[in-house]
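So the structure is just underneath, and the comments pick up after that.
The values are calculated or read from the model by the stated rules, or taken from the named source; none is laboratory data. Here the structure is a predicted model, which means the values were calculated and not measured. Neighbour counts are summed over all protein chains in view; Cβ atoms, including those assigned to glycine, are modelled from backbone coordinates with ideal geometry. Heavy atoms of the whole protein, side chains included, go into the accessibility calculation; ligands, DNA and RNA do not. Shrake-Rupley method; radii C 1.70, N 1.55, O 1.52, S 1.80 Å.
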Amino acid sequence: MRRFFLIATPYTWLLLLFLVPFAIVVKISLSDTALAIPPYVPKFSWDEGIGAYFSQLDFENFVFLTEDDLYWKAYLSSFKIATISTLLTLLVGYPIAYGMARSAPEWRPTLMMLVILPFWTSFLIRVYAWMGILSNEGYLNQLLLWTGVIDTPLTILNTNTAVYIGIVYTYLPFMILPIYSALERLDESLIEAAEDLGCSRLSAFWLVTIPLSKTGIIAGCFLVFIPALGEFVIPSLLGGSNSLMIGKVLWEEFFSNRDWPVASAVAVILLLILVIPIVLFQRNQQKEQEAEQ
Amino acid sequence: MTTVEFEPWDDPQEKPLIHFQNVTKRFGSFVAIDNLTIDIYEREFYALLGPSGCGKTTLMRMLAGFETPTEGNIMLAGQDIVPVPPNKRATNMMFQSYALFPHLSIWENIAFGLKREGMPKPDINNRVEEMLRLTRLEKFAKRKPHQISGGQRQRVALARSLAKAPKLLLLDEPLGALDKKLRQETQFELMDIQEKTGTTFVIVTHDQEEAMTVASRVAVMDHGKIIQVATPDRIYETPNSVYVADFIGDVNIIQGTTTANGEDSYSVAWADGQAPLTASSNQPFSDGQKCHLAIRPEKIAISADKPEEAANAVQGKVLDIAYLGNISTYHVELPTGVVIKAQAANTRRISRRSYTWEDTVWLSWTATAGVLLAS
Ligand SMILES: Nc1ncnc2c1ncn2[C@@H]1O[C@H](COP(=O)(O)OP(=O)(O)OP(=O)(O)O)[C@@H](O)[C@H]1O
Ligand SMILES: [Mg+2]
């Protein structure tokens, strides 16, 4: 009995907080748009019965998504932006994690604190702050003009560059923390052993440090890639109309066009795309746990 | 059968493989290695022995290239190796923690150093197979380090450090984690490997019995200094200080003052009202010099009656008997309060032994049994 409750609790949780909402979204994606509240038909009524209700559902919206190239372009562009910014985050995050893991033990809690500290401020405010930094009259341009590096202000805000900066900045801690925890566990004597056996510093890094922090790297990449793919706030605030991301399309369908069924169809496809990396991520975590035993 | 004496340290023609010249290593203000000068010869099995924290690991790490001496030079085959990074040294170290690469199989661990050398593939295969055979690990080649036992891991570490056939192999407490039987087996394996490959070994150990078994020479260290370097038998028979005598094996120390009474022979006054002891020594002692007489328990005979011929004989009372199976150690208290340990083989059954607690017995030893040491 106790076993039953132990297993039932997470499944009930999953059912209530994921499967039921998802089923509702799927249902809306199969409906037709209408001028009503809520803005779609059919609505279930006892008079017509369940058969008539289901007969009105169709895949029209999904077909529509394939007809208008806006959608698959948006998916592709999101995928590209998420991939590039994940790699950039890795490039920035790995050296930071490495430096933290190599620092004197008494410094580590402080450094860890500094990594987590930005979370104490609202995400939205931090993204707005970047608008102030990156705009044509922003601090970055002022600094560059003042030091004489450039003569005319750079246009960064409202380009994909700004989106990359925003994503790297926002998700950096998610990259640093798993890599740091992998590197911190790494035994220094393994590096010494590699050098003793003829490795240079660099090849010891490639042959020992990187493989042994692999699970951390993979975990970090997924933790950045998965939310970045559906990201909405960063592209709309920093990317403006120039950046095309599926999160933004979704938002516009819902709130500007009030086309809930199409918006729901977009969301369903996004989720199906995300299932693949999420499953891979789970695999990685499982492998890591097994390795620890 | 004739055995060729292996004593390169006595041959002035012989060049040492390793030469430490006035090496000092400080960590901050702490002196870990203190003005150390030693020579280690090719094909030696050099054992470092000393209490915890005396600087053995530091010495090894300097040889491997992980620490640079604060002062002094380290020469390997006549070349100053201090500026040479670890990966460019013809030395390999077997780490006390083994430091096996957890992401690589046993086979790949052993091949690691060979691949870095750029050895051709077939040669690597042959060499790794050879190492696996030598350490009896053929069956485990495909496993990862966490899938084998501690003793097997230790042998992988050994195979890995041996694979490159280094000029010099550094073993930091290589057998510390093994049970006695496996340790002895591996000790003989090590000596065997050393004989076959001709590698020079430097081994750190806490176990003095191990040092005595495997070493061509033993270096006893204390507080970053070498106190004595000698062959195991000489370290045991003729320690150069009370510290070494006390550190290696069991010993009785009697304090006294010397008076010469013949060529290389001294009488040692050790207690009022007791006949002086006689000891021979080829170290000169002046009359009235304070000294310590060190005698191993097994060199002291125990008897019920006063032995007629003995150079030294003292009477005492049996205080305690430690039964060790093949031998017994008798703790005998002399009238002066000094307790002397004497060992005798248990040739009879324990119930029929000649002496028991509170018995009055005579202890005797020859003039050459003990070693006279200056204070
Ligand atoms: N990196 C370091 N920083 C400061 N002190 C150190 C460092 N490495 C070693 N020491 C000190 O130097 C001394 C010698 O250390 P070492 O590791 O050589 O001892 P050891 O003889 O190998 O001891 P054990 O038998 O316990 O392994 C110790 O007192 C140790 O505290
Ligand atoms: Mg040590």
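Once you have all Cα-Cα distances for region B:250-299, histogram them in 5 Å bins from zero and send the whole-percent values.
Bins of 5 Å from zero give 5, 22, 30, 25, 14, 4 percent of pairs.
What's the carbon and sulfur percent of region A:21-121's accessible surface, probe 1.4 angstrom, rounded to a whole number? Don't skip to the answer; put the middle values down first.
Details: 4660 of 6300 Å².
Answer for region A:21-121: carbon and sulfur cover 74 percent of the accessible area.
In the Gaussian network model of chain B, springs joining C-alpha atoms below 10 Å, which of B:Glu44, B:Glu195, B:Glu263 carries the largest mean-square fluctuation?
Looking only at B:Glu44, B:Glu195, B:Glu263, the biggest GNM fluctuation is shown by B:Glu263.
Averaged over peptide A:196-208, how many Cβ atoms belonging to another chain are found within 10 Å of each residue's Cβ?
Working: counts 18, 19, 13, 6, 5, 3, 0, 2, 3, 0, 0, 6, 6.
Average per residue, whole number: 6.
Would you mind pulling out the separation of the Cα centroids of region B:271-320 and region B:26-43, in Å?
Rounded to whole Å, the Cα centres lie 38 Å apart.
Quick check on the protein assembly as shown: helices-only [θ] at 222 nm, where DSSP H runs of length 4 and up contribute -39,500 (n - 2.57) each and the sum goes over total residues. Nearest 500, please. Could you put the intermediate results ahead of the total?
Values: 22 runs with 282 residues, N = 668.
One gets -13500 deg cm²/dmol as the mean residue ellipticity at 222 nm.
Using 0.36 nm per residue of separation minus the Cα-Cα distance, give me the extension gain between A:Ile37 and A:Met112 in nm, one decimal. Could the numbers behind the result be given before it?
Details: separation 75, 0.36 × 75 = 27.00 nm, distance 4.85 nm.
Residue separation times 0.36 nm, minus the Cα-Cα distance, leaves 22.1 nm.
Please sort by residue number the chymotrypsin sites (Phe, Trp or Tyr not before Pro) in region A:16-93 whose DSSP state is loop and whose Cβ has at most 16 other Cβ atoms within 10 Å. Don't jump to the answer; show the numbers that get you there.
Working: sites: A:Phe18, A:Phe22, A:Tyr40, A:Phe44, A:Trp46, A:Tyr53, A:Phe54, A:Phe59, A:Phe62, A:Phe64, A:Tyr71, A:Trp72, A:Tyr75, A:Phe79; in loops: A:Phe44, A:Trp46, A:Phe59.
Within region A:16-93, the qualifying chymotrypsin sites (Phe, Trp or Tyr not before Pro) (loop, at most 16 other Cβ atoms within 10 Å) are A:Phe44, A:Trp46, A:Phe59.
Select from region B:65-157 those trypsin sites (Lys or Arg not before Pro) which occupy a DSSP coil region and have at most 15 other Cβ atoms within 10 Å, ordered by residue number. Mind showing how you got there, number by number?
Numbers: sites: B:Lys88, B:Arg89, B:Lys115, B:Arg116, B:Arg127, B:Arg133, B:Arg136, B:Lys139, B:Lys142, B:Arg143, B:Arg153, B:Arg155; in loops: B:Arg89, B:Arg136, B:Lys142, B:Arg143.
In loop regions of region B:65-157 (DSSP not H, G, I, E or B), the sparsely surrounded trypsin sites (Lys or Arg not before Pro) are B:Arg136, B:Lys142, B:Arg143.
Ranking request for peptides B:283-289, B:342-348, B:309-315: highest mean number of other beta-carbon atoms within 10 Å first, then the rest in descending order. Don't skip to the answer; put the middle values down first.
On the way: B:283-289: 12.9, B:342-348: 14.4, B:309-315: 16.9.
Result, highest mean first: B:309-315, B:342-348, B:283-289.
Could you compute how much accessible area chains B and A hide from each other, both sides summed, with a 1.4 Å probe? Nearest 100 Å² is fine. The partial results should precede the final answer.
Working: alone 18930 and 17630 Å², together 34950 Å².
Protein heavy atoms only, the B-A interface buries about 1600 Å².
Count charges around B:Pro145 for me, please; just the other residues with Cβ under 13 Å from its Cβ, Lys/Arg as +1, Asp/Glu as -1.
On the way: positive: B:Lys142, B:Arg143, B:Lys144, B:Arg153, B:Arg155, B:Arg160; negative: A:Asp187, B:Glu108.
Value of the local net charge: +4.
By per-residue mean of other Cβ atoms within 10 Å, what is the highest-first order of B:291-300, B:56-65?
On the way: B:291-300: 20.6, B:56-65: 22.8.
Those peptides, ordered most packed to least, come out B:56-65, B:291-300.
Report the equivalent ellipsoid semi-axes for region B:250-374 in whole Å, largest first, defined as the square roots of five times the eigenvalues of the gyration tensor built from alpha carbon atoms. Working shown, then result.
Details: eigenvalues 153, 38, 30 Å².
Semi-axes (√(5λ), whole Å): 28, 14, 12.
Could you state the accessible area per residue of chain B in Å², with a 1.4 Å probe and every protein chain left in place?
So chain B comes to 48 Å² accessible per residue, rounded to a whole number.
How many partner chain Cβ atoms sit within 10 Å of a residue's Cβ in peptide B:88-95, on average, as a whole number? Working shown, then result.
Numbers: counts 3, 3, 0, 1, 4, 6, 2, 6.
Taking the mean over all residues of the peptide, I get 3.
For B:Lys299, which lysines qualify as cross-link partners when the Cα separation must be under 21 Å and same-chain residues fewer than eight apart are set aside?
B:Lys299 reaches B:Lys317, B:Lys341.
Over the protein assembly as shown, with a single point scatterer placed on each C-alpha, what log10 of the ratio I(q)/I(0) does the Debye formula yield at q = 0.06, 0.08, 0.09, 0.10 1/Å?
For the requested q values the scattering log ratios are -0.60, -0.84, -0.95, -1.07.
What distance in nm separates the two pseudo spin-label positions at A:Ile276 and A:Ile133, each 7 Å out from Cα along the beta-carbon direction?
3.3 nm
Ignore the peptide's own chain and count Cβ atoms of other chains within 10 Å of each Cβ in A:183-194; give me the average, rounded.
On the way: counts 0, 0, 0, 1, 5, 2, 7, 8, 1, 8, 17, 7.
Counting Cβ atoms of other protein chains within 10 Å of each residue's Cβ and averaging gives 5.
Send over the Kirkwood Rh of region B:8-246, from the inverse of the averaged 1/r over different Cα pairs, rounded to one decimal Å. Spell out each step's value before the answer.
Details: mean 1/r = 0.0542 Å⁻¹.
Radius from the Kirkwood sum: 18.5 Å.
Return the whole-Å distance between the Cα centroid of region A:81-126 and the Cα centroid of region B:156-176.
40 Å
Just to confirm the filter: which chymotrypsin sites (Phe, Trp or Tyr not before Pro) across region B:290-366 are DSSP coil and have at most 14 other Cβ within 10 angstrom of their Cβ?
On the way: sites: B:Tyr323, B:Tyr330, B:Tyr355, B:Trp357, B:Trp362, B:Trp365; in loops: B:Tyr355, B:Trp357.
Taking region B:290-366 and a limit of 14 other Cβ atoms within 10 Å, the loop chymotrypsin sites (Phe, Trp or Tyr not before Pro) found are B:Trp357.
Highest GNM mean-square fluctuation, chain B, Cα pairs closer than 10 Å: which of B:Lys341, B:Lys25, B:Lys180?
Among B:Lys341, B:Lys25, B:Lys180, the largest GNM mean-square fluctuation belongs to B:Lys180.
Taking the solvent-accessible surface of protein heavy atoms with a 1.4 Å probe, what is the per residue accessible area of chain A in Å²? The partial results should precede the final answer.
On the way: 16790 Å² over 293 residues.
Per residue, chain A has an accessible area of 57 Å².
How much of the accessible area of region B:177-271, probe 1.4 Å, is carbon plus sulfur, in whole percent? Walk me through the numbers on the way to the answer.
On the way: 2020 of 4210 Å².
For region B:177-271, the apolar C and S fraction of the accessible surface comes to 48 percent.
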